[in-house]
Amino acid sequence: MILKTMSSGLVIQTVSKTFPSPTGPVRAVDNVSLTIQPNEFFTLLGPSGCGKTTLLRMIAGLDIPTSGSILLDNQDIAPLPAYQRPVNTVFQSYALFPHMTVTDNIAFGMKMQGKPKTEIDKAVKEALALVRLDDKGERMPAQLSGGQQQRVALARALVNHPKILLLDESLSALDYKLRKEMQIELKRLQRETGITFIFVTHDQDEALSMSDRIAVMEKGNVAQIGTPQEIYDRPATRFVADFIGICNFVKASSLGLNDNCDIGFRPEDASFTVGRGMGKGNIRHINYRGAVTHYIIELEGGETITLSEDDPQNVEVNDAVSLVIPPERLIRCTA
Amino acid sequence: MHGVRNAAPWLLSPFLMIMGVFFAAPLLLVVGYSFMTAHYPGGVEFPLTLDAYVKIFYDTDFDGNKVFDPSFLLICWKSLKLAGLCTILCLRAGFPMAYFMATRPPQQRNLWMMLVTIPFWTNLLIRTYSWILILRDEGLVNNILMSTGITSSPITLMCSDFAVGLGLLYSYLPFMVLPIYANLERMDWRLVEAASDLYATRWQTLRKVTIPLTMPGILAGSILVFIPSIGSFLAPQLLGCGQQMMLGNKIENLFGQGGDWPFGSAASVALMIIVMIGLMIMSRRGGIKELV
Ligand SMILES: Nc1ncnc2c1ncn2[C@@H]1O[C@H](COP(=O)(O)OP(=O)(O)OP(=O)(O)O)[C@@H](O)[C@H]1O
Ligand SMILES: [Mg+2]
């Protein structure tokens, strides 16, 4: 425990990465600073092309930052080549070795480190069991489904017990059930092994349910870092609010507020009444979704918003209603 | 469906015909000749006989006795040795070249490829002659060595195994480079990154990932170098001054001045058998792995 508090995890300091391209340099990662605690489940969340993979590659040592530094437990790892970093990656494209069996793929890292054979055999067996591929050890990667390949890639990285495990959209090819199981499995692994997980995903539900903290990225920048709850409840920018969950944005005046910026609120935070409220509008659609019902309301200013209610309300399309939103649930974004 | 199936043999017939005329017929002719009797100074006649194959091992002395004569076998051995050596050297030199080319930016690769194929713009005979100008006693190498004072008298480079080997290496290197390059260029370099992420040094990555994945190219290159170099004719003739005879020269000699067509044919069959054995050794993947 003492050791854990002494080590300071992964510190990324003002790291930028610029790629040359025919249309001028591309800033894939722009002046990013992050501190990731030991044994944290840290998620990078953001739309396609925002620089998530590039940031991971710099941590792994596969790309060299154009500027900035990366410290692991107070040591600058910039001079270390990828093969000397205690970091392993589960690649977005899996990158399994096609000429090796599943077992040989998983054993590769330990073999390269010169671990004794008995230790390797034991660890590989455990890793195979962990990803539920006990009977597939002698297969070649091409003989596996996409989801199975992804699990081999996971086992191949985990078996080395790195300090940091980088996961680039590592559950995306799995079906819903297996994905949920693997999410729980990953969380358990992270708690039990003490490995720091840096997880990249597009999927906000996955990010919210698994992460200790999330960094939301936008065009090479970090838009916000915080716990899932902080990010959901107090998004720093409109981009974050939009990206995580659904968020309505309307002019302050539409809600009868005296402000010249846009105000946001979550569909589940607002409700409506036929009596007095914050802004007036008419119900345009009612979408029954099973657990919740969505009401699409057109405000008097012409803006369309979505509300969700757990229980169906006694209203019909074209009814006039007013919004009711607890003031502390209103989102005022700086940008 | 029915029509397509009926058409298939018909569509194949040009291919079968070409194979028949250019491949099977000459081969059968050679095999056939090798079992016939020599008609000096050229041509064959009946009866059928195994004489030609006996000549591979035995010579007939003045009294008409058969005595064991290893000279032909020695030529076979020398050809095998030189061709094998040439293949290994081409691989040693060609793989790094191909690797270098495949790791250049895409725009530059075509330029490098063109540079590798430049020798093909000139006839092999002329290129082999130009090696004589380089290697002979008054040639480029000796001129440089003597004018810089490294040696006082010319070193004899010509007419040696060294000169023949150099000529072979030079002639066939592009046949090794190009298939390996084609293979490396298609390779998924993300696998190399994955290997280095998994603690493999660059050397380990090369041995465990890059070379195994390039094996088809290495195999193709080795075959393309080994086959023509074992039957090579020009380099031993010109650079070996005819003294360092290889199988190709022996066969030429038997069909030409020697006038013994059946023996020439039997020698060709022997060459084919040696090539087949060589290919069998190579295509056992381990064989190539040890060469690298
Ligand atoms: N090698 C490269 N050369 C040029 N541009 C690159 C290179 N790698 C990435 N980029 C650019 O950098 C930006 C960030 O790419 P990156 O792969 O990090 O995105 P990402 O967030 O992982 O996206 P996705 O979710 O689709 O995987 C993109 O605009 C991409 O086009
Ligand atoms: Mg990516």
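Could you tell me which of the residues A:91, A:108, A:97 is within 13 Å of ligand 2 (Cβ to nearest atom), surrounded by 15 or more Cβ atoms within 10 Å (Cβ to Cβ), under 23 Å from residue A:139 (Cβ atoms) and among the aromatic types (Phe, Trp, Tyr)? Walk me through how you get there before you give the answer.
On the way: A:108 fails: within 13 Å of ligand 2 (Cβ to nearest atom); A:97 fails: within 13 Å of ligand 2 (Cβ to nearest atom).
The unique qualifying residue is A:91.
Could you list all residues from segment B:46-80 that are in a helix (DSSP H, G or I), among the polar types (S, T, N, Q) and exposed (fewer than 15 other Cβ atoms within 10 Å of the Cβ)?
B:71
Among the candidates A:21, A:16, which residue alone is surrounded by 15 or more Cβ atoms within 10 Å (Cβ to Cβ), farther than 23 Å from residue B:200 by Cβ and within 15 Å of ligand 1 (Cβ to nearest atom)?
Answer to the check: A:16.
How many residues, within segment A:279-302, are part of a loop (DSSP other than H, G, I, E, B), under 31 Å from the mean Cα position of the chain (by Cα) and exposed (fewer than 13 other Cβ atoms within 10 Å of the Cβ)?
3
For segment B:124-191, please list each of the helices (runs of 4 or more DSSP H) lying entirely inside it that holds at least 3 residues being over 23 Å from the mean Cα position of the chain (by Cα) and more than 14 Å from chain A (Cβ to nearest Cβ).
Values: elements: B:124-135, B:140-147, B:161-186.
The qualifying helices (runs of 4 or more DSSP H) are B:140-147.
When residues of segment A:169-221 are filtered for being within 16 Å of ligand 2 (Cβ to nearest atom) and surrounded by 21 or more Cβ atoms within 10 Å (Cβ to Cβ), how many remain?
11
Could you please give the count of residues in segment B:194-204 that are within 7 Å of chain A (Cβ to nearest Cβ) and surrounded by 22 or more Cβ atoms within 10 Å (Cβ to Cβ)? I'd like the intermediate steps shown before the answer.
Residues of segment B:194-204 that are within 7 Å of chain A (Cβ to nearest Cβ), as a first pass: B:194, B:196-201, B:204.
Okay, now just the ones that are also surrounded by 22 or more Cβ atoms within 10 Å (Cβ to Cβ), so B:194, B:196-200.
So the answer is 6.
Contact list please: Cβ distance under 9 Å, first residue in segment A:40-54 and within 14 Å of chain B (Cβ to nearest Cβ) and of a type in the set (Ser, Thr, Tyr), second residue near ligand 2 (Cβ under 9 Å from one of its atoms) and in a strand (DSSP E or B), pairs at least six apart or on different chains.
A:53/A:168; A:53/A:200
Which residues, taken from segment A:46-70, are of a type in the set (A, V, I, L, M) and within 12 Å of ligand 2 (Cβ to nearest atom)?
A:55, A:56
In segment B:253-280, what residues are small (Gly, Ala, Ser) and closer than 19 Å to residue B:220 by Cα?
Across segment B:253-280, the qualifying residue is only B:278.
We did not get these values from a lab; they are worked out from the coordinates using the rules stated. What you see is a predicted model, and the numbers here were worked out from it, not measured in a lab. Note: ideal-geometry Cβ built from the backbone for every residue, glycine included; neighbour counts use all protein chains shown.
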